[in-house]
Amino acid sequence: MNSTENTSSPSPSSSSSSSSSSLTMELDKDLHVTFIEMMYHLLPTPYESQEINHLTLAYFIISSLDFLRSLHRLDKHAVADWVLSFQLHPTTTTTTARTRQFYGFHGSRTSMFPPDQNGVLLHNHSHLASTYSALAILKIVGYDLSKIDSELMLTSMRNLQQPDGSFMPIHIGGETDLRFVYCAAAISFMLNNWSGIDKEKAKDYILHCQSYDGGFGLVPGAESQDNKLAAILTGGATYCAVASLQLMGYIEDNLLSSCASSSLIDVPLLLDWISQRQGTDGGIQGRPNKSSDTCYAFWIGAVLKILGGYNFIDSKSLRGFLLASQYKYGGFSKFPGEFPDLYHTYYGFTAFSMLEESGFNSLCPELGITEISAMGV
């Protein structure tokens with residue numbers, strides 16, 4: 001995913017509230033709706049450094065309103081038109097074959113450049129993560145994705161898949177890891193067209209990312225707690241692996257309840273790793289020896305939802321941690337005592353959805369949006 005995790009502000013106080021003291025607190029849904037609605041109309045100055053991820057920030061905002069059952073507060077048609085304006089189209093009919101570029105969505109206006117005087121597009125920065133965010137927003141606002149030229153998008157997306165099955169996020173190069181395998185799988189699933197991905201190669205790449213301890217690193221051979229690259233998003237890497245396999249049809253829904261005798265991944269080892277992620281404060285960490293963090297209530301929780309094992313979570317304790325991370329003016333912070341940011345606010349909402357909080361729409365764990373939007377209802 002485009003990185004937006006480092007947008008949180010310094011702590012508003014020198015001491016953090018404990019999750020145990022928050023058990024008497026209540027979730028103030030109306031306050032959160034107001035907070036997100038303000039973000040919809042105008043992002044605060046600290047988000048200027050995240051301009052390149054503008055579409056991803058919009059995804060957090062619009063999907064948040066969906067979870068809060070407040071989509072009526074925005075103009076869905078205007079949102080769809082705005083998102084579609086970020087889509088890249090070829091300048092000539094031969095451009096795709098000649099340049100092997102990717103025709104997805106840009107992440108912001110700052111990454112969009114006009115073609116040269118000969119009509120040749122020299123600077124194409126359309127990105128897999130931005131394309132995932134764009135399609136997710138369009139589904140949320142009810143746009144008919146069949147109107148999009150999926151053949152062009154997916155044919156060009158094949159240019160991003162590497163011989164080992166991984167994906168680059170952009171045609172000019174970049175990191176290749178599980179985040180972009182997930183983006184490619186989610187894009188294909190939402191468009192109901194798998195022509196843009198070699199699923200067998202992607203599957204093999206994912207399976208090589210499972211570590212000896214059960215979790216997944218971002219790349220093959222990465223230990224899920226020690227490797228520097230894996231440390232970026234370990235709980236997230238595990239989510240990307242499991243969700244991708246589920247979207248591609250390699251693991252079934254509610255795998256744990258089916259009593260399946262075999263699975264592509266080592267499920268017992270994975271569960272052993274996951275069962276150690278909830279801390280004594282009730283929160284969930286992304287890897288061993290790290291603090292609990294609001295976002296991992298989604299990354300780890302959604303894996304358990306997909307596998308049919310969410311009952312492994314101590315829901316009461318987790319709810320207490322999340323409430324302690326609730327800011328008095330709306331939004332959620334990374335952990336108690338910090339200022340809120342969009343990234344952790346969004347994943348706080350998804351966590352409350354999994355906890356079946358009253359007034360929240362249900363989560364589609366493999367796509368990271370509401371079930372009602374995933375089904376296109």
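The values are calculated or read from the model by the stated rules, or taken from the named source; none is laboratory data. Computed from a prediction, not measured in an experiment: that's the story for all the values here. Reconstructed Cβ throughout: ideal geometry from the backbone, glycine too, with neighbour counts over all protein chains shown. For the accessible areas, the whole protein counts, side chains as well, though only heavy atoms, and no ligand, DNA or RNA atoms are used. Shrake-Rupley method; radii C 1.70, N 1.55, O 1.52, S 1.80 Å.
For the cross-link pairs LYS139/LYS203; LYS29/LYS147; LYS147/LYS328; LYS29/LYS290, the ones whose C-alpha atoms lie over 31 Å apart are LYS29/LYS147; LYS147/LYS328. Subtracting the Cα-Cα distance of GLU356 and THR280 from 0.36 nm times their residue separation leaves 25.2 nm of extension gain.
What is the gain in length, in nm to one decimal, between GLU371 and LEU42 on full extension, counting 0.36 nm per residue of separation less the C-alpha to C-alpha distance?
Taking 0.36 nm per residue and subtracting the Cα distance, the gain is 115.7 nm.
Note: relative contact order over region 296-377, using C-alpha pairs below 8 Å and six or more positions apart, is 24 percent.
The Kirkwood hydrodynamic radius of region 269-377, based on inverse pair distances between different Cα atoms, is 13.9 Å. From the alpha carbon centroid of region 72-86 to that of region 165-194 is 24 Å. Based on C-alpha pairs under 8 angstrom that are at least 6 apart in sequence, region 233-377 has a relative contact order of 22 percent.
Restricting to DSSP loop positions (anything but H, G, I, E, B) with no more than 16 other Cβ atoms inside 10 Å of their own Cβ, which trypsin sites (Lys or Arg not before Pro) remain in region 278-371?
In loop regions of region 278-371 (DSSP not H, G, I, E or B), the sparsely surrounded trypsin sites (Lys or Arg not before Pro) are LYS290, LYS328.
Normalised by residue number, the volume inside the convex hull of the Cα atoms of region 133-183 is 84 Å³ per residue. For GluC sites (Glu not before Pro), the sites in region 313-367 that DSSP calls loop and that have at most 12 other Cβ atoms within 10 Å are GLU356.
For region 139-200, the carbon plus sulfur part of the accessible surface works out to 46%, probe radius 1.4 Å.
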